[in-house]
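Let me begin by presenting the structure, written as structure tokens, before commenting on it.
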């Protein structure tokens, strides 16, 4: 019976605090305002069901610290440095083989640009540039007497980062492929 009276007191005080919050009166919810013999709104008695007891253990757990060696590299090894000449030759071959007999059509060229960027990006990764972040962009346009200008600017470390550019043109379309390679430390 005493346990029920304690619980009624706690519920009453909780209701008062909630009513004060709704009215804009900020009262502290510190444990010192709860009735003696209670902790966090639950009466301190032996009759508390196991399901309402805290499952937090106060026994300190010891986790073994794993020490890892630094894996970052500030500069690539000479054989890992991005070679724009090799990448430009590869891009020229890809553009030549896929666009040699292609005529410009806005619907097919949309899908073709996505396929070509995927092919070029995959081939660059296969060349062994694992620590580089790659950006591949391809523009395909119709040859029709108009002009087009392209420019790019990058803020990067020019000792390790690089780019490659290749273009292709037939009677119906032109294509410009760009690959930007940024070394990831």
inquiry  = Test of understanding: among 118, 149, 167, which residue is more than 24 Å from the chain's Cα centre (by Cα) and at pLDDT 95 or above?
reply    = 167
ask   = If you scan the range 77-95, which residues turn out to be within 18 Å of residue 184 (Cβ to Cβ), out of contact with any strand residue (DSSP E or B) (no Cβ under 7 Å at 6 or more places or on another chain) and surrounded by 13 or more Cβ atoms within 10 Å (Cβ to Cβ)?
value = 80, 81, 83
task = May I ask you to say which residue of 176, 135, 155 is at pLDDT 95 or above and under 26 Å from the mean Cα position of the chain (by Cα)?
result = 135
inquiry  = Based on this model, can you work out whether residue 160 counts as surrounded by 11 or more Cβ atoms within 10 Å (Cβ to Cβ), under 23 Å from the mean Cα position of the chain (by Cα) and either in contact (Cβ under 8 Å) with a residue 24 or more places away in the chain or part of a helix (DSSP H, G or I) (or both)?
reply    = no
message = Considering only the range 132-155, I want to know if a residue exists there that is surrounded by 14 or more Cβ atoms within 10 Å (Cβ to Cβ) and in a loop (DSSP other than H, G, I, E, B).
response = no
request  = Kindly check whether there is at least one residue in the range 96-119 that is touching a strand residue (DSSP E or B) at 6+ places or on another chain (Cβ under 6 Å) and either part of a strand (DSSP E or B) or within 30 Å of residue 73 (Cβ to Cβ) (or both).
outcome  = yes
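The values are calculated or read from the model by the stated rules, or taken from the named source; none is laboratory data. Note that the coordinates shown come from a computational prediction; the quantities given were computed from them, not determined experimentally. Glycine also receives a Cβ, built like all others from the backbone with ideal geometry; neighbour counts cover every protein chain displayed.
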